[in-house]
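As structure tokens, the structure follows; a few thoughts come after it.
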Amino acid sequence: MSALSRDQIRTMMAEVLAAQGKEMPAEDTANLEELGFRSLDFSELALRVEDETGEELNFDAPGLRQIQTVADVLDFLEQLQAA
Amino acid sequence: MSQAPAGEPTRGAGNRIVLRGVATTWGELDTLDLPPAAAVLVEDNLQAARAVWTHATSDRETLVTSRTRVTPDLGADLRAEGLALVSGDLSQVEPATLERDAQPGRIWLLTSGSTGRPKRVAHTLDSLTTVGGDQPARTWLCPYAHGAYAWWQVVTLGLTVPGQDVVFIEPDELDTWPRMALDAGVTAASGTPTFWRQALYRDPEAVAALPLEQVTLGGEPVDQAILDRLIELFPKARVSWIYASSEAGASIAVHDGKAGFPEAWLDRDTPGRPRLSIVDGELVIASPKRGEGIDEHLRTGDRVEVVDGRVLITGRLASDEINVGGSKASASQVRDVLQSHPAVAWASVKGRKAPIVGNIVTAEIVTTEPVSDDELSAWARERLPEYAVPRRLRFLDAIPIKETLKSDV
């Protein structure tokens, strides 16, 4: 299965937030801490991506880095799919 | 036909047994021409019953198991331990590769092997016989895997106690057993919680139609939700749960309809009864019915916790704990919460490798009516810490069940 687009990952992130009664912000510069998007949520999103693509993400490939904004999450997952 | 010698092991020789719908008695079974020390790899309960009757009426050493359980490696191990392999129509014999004298009366059981190749546990008909004395006449359902400890418990009851008939169910009959049981007049049935959940999910009306006087659960952690469901369905029956294993022997029997056993039973010394204790959250049992060579104080590997005066057996220590970012989620606790939802027929909970937090909690679910992912997540969030709430739910069409009647698939 092909990699997910940034928009598709964004939709999934909105679903993770919605399940907890939170809204996806319009701006990708939104801060994750203020949004209440925590480590567990990021992990869930990553597994949703894996389930959708049918491929395991290699988290060792790009090296974990600071993830502070919605854009960071989308960038990172895009990059992981390409790794 | 063989003649049953007088003696305790065959007092039930006249008891009825039903095999694939055909009724006979133990005493009417043909005996087998077996080597003195034999592992009998059976295709069905007729072969298994003949092996048992042959064992009970002669001096020999026997292991009975399903043919499908014995891999080439395990078969080689058994032969190297001095057991001939008997299979097919039970006239095919692969001789033992170790020559030794048979141990008359010895019965070998295979452990479930959930943590590797099955181990052999030594018993005798006497050590496997855990029910005696005067018993009300009953017809028992035996759905267990050939040669498993729970199978032997039903078999020895039928073999040794007059008035205890047995209706055997083959693995390929698990879908249709309630109607077969009704036809055969079953009044007592024993199965794992997964066995009962599957039956109630598939055909609750057929199960409810059975005139059961005794309902028994064992082999897996027994939760309150399944006990309540069975008590509601069979208000006149005694609903019991039993803790037993090939290694520990039959050790706990609870008849008050509640999950767990009274805390007062801990650290109590009663002659002839097992001593139960908790060490580091693990159930430890010293049972007179344990297998030979098993530690007197057996660490069972089962996790227990004391809640409101009851000791609850929640699951295996090795697989129960899910480490979510340093917080410890209990798979059995999550499973019980999901299974307490009115629309959930069955749940299985596992950890799944995930970035950053190491693992997240995931669940497989079977429901009796449509229920959304969001609703179940909300149900779990109200009852569990955040890290223990399943983040991925997978809905299955049917309850998966193995030949062991357990759901650890």
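The values are calculated or read from the model by the stated rules, or taken from the named source; none is laboratory data. Because the structure is a prediction, the values reported are computed rather than measured. Here the Cβ is made from the backbone with ideal geometry for all residues, glycine too, and neighbour counts use every protein chain on show.
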| remark: Considering only strands (runs of 3 or more DSSP E) wholly within region B:336-408, the ones with at least 2 residues that are touching a residue at least 40 places away in the same chain (Cβ under 8 Å) and farther than 30 Å from residue B:112 by Cβ are none
| remark: Given (1) in a strand (DSSP E or B); (2) at pLDDT 95 or above, residue B:251 misses just (2)
| query | Quick check, is residue A:14 touching a Pro at 6+ places or on another chain (Cβ under 9 Å), part of a helix (DSSP H, G or I) and within 14 Å of chain B (Cβ to nearest Cβ)? | reply | no
| query | Restricting to region B:26-48, what's the tally of residues that are farther than 23 Å from residue B:105 by Cβ and not aliphatic (A, V, I, L, M)? | reply | 3
| Sole residue being free of Cβ contacts under 8 Å to residues at least 40 places away in the same chain, over 18 Å from residue B:55 (Cα atoms) and out of contact with any Lys or Arg (no Cβ under 9 Å at 6 or more places or on another chain), chosen from B:99, B:81, B:94 | B:99
| query | Going through region B:315-350 one residue at a time, which ones are more than 19 Å from residue B:220 (Cβ to Cβ) and within 14 Å of chain A (Cβ to nearest Cβ)? | reply | B:323, B:324, B:325, B:326, B:327, B:329
| Among residues of region B:107-121, those that are surrounded by fewer than 17 Cβ atoms within 10 Å (Cβ to Cβ) and not hydroxyl-bearing (Ser, Thr, Tyr), counted | 4
| task | Specify the residue that is farthest from the chain's Cα centre (by Cα); the eligible residues are those in region B:383-409 that are charged (D, E, K, R) and away from chain A (no Cβ under 13 Å). | result | B:383
| request: Can you work out which of the residues in region B:351-378 that are more than 9 Å from chain A (Cβ to nearest Cβ) and of a type in the set (Gly, Ala, Ser) is farthest from residue B:394 (Cα to Cα)? | output: B:351
| request: Restricting attention to region B:36-54, report how many residues are under 16 Å from residue B:166 (Cβ atoms) and in a helix (DSSP H, G or I). | output: 9
| note | Within region A:25-36, residues in contact (Cβ under 8 Å) with a residue 40 or more places away in the chain and hydrophobic (A, V, I, L, M, F, W, C) come out as A:30, A:32
| remark: Among (1) surrounded by fewer than 23 Cβ atoms within 10 Å (Cβ to Cβ); (2) in a helix (DSSP H, G or I); (3) out of contact with any Phe, Trp or Tyr (no Cβ under 8 Å at 6 or more places or on another chain), residue B:201 falls short only on (3)
| field | Residue identified as touching a helix residue (DSSP H, G or I) at 6+ places or on another chain (Cβ under 9 Å) and within 9 Å of another protein chain (Cβ to nearest Cβ) among A:68, A:20, A:8, A:81 | value | A:20
| Residues (without any contact (Cβ under 8 Å) to a residue 60 or more places away in the chain and under 16 Å from residue B:383 (Cβ atoms)) located in region B:313-334 | B:329, B:330, B:331, B:333, B:334
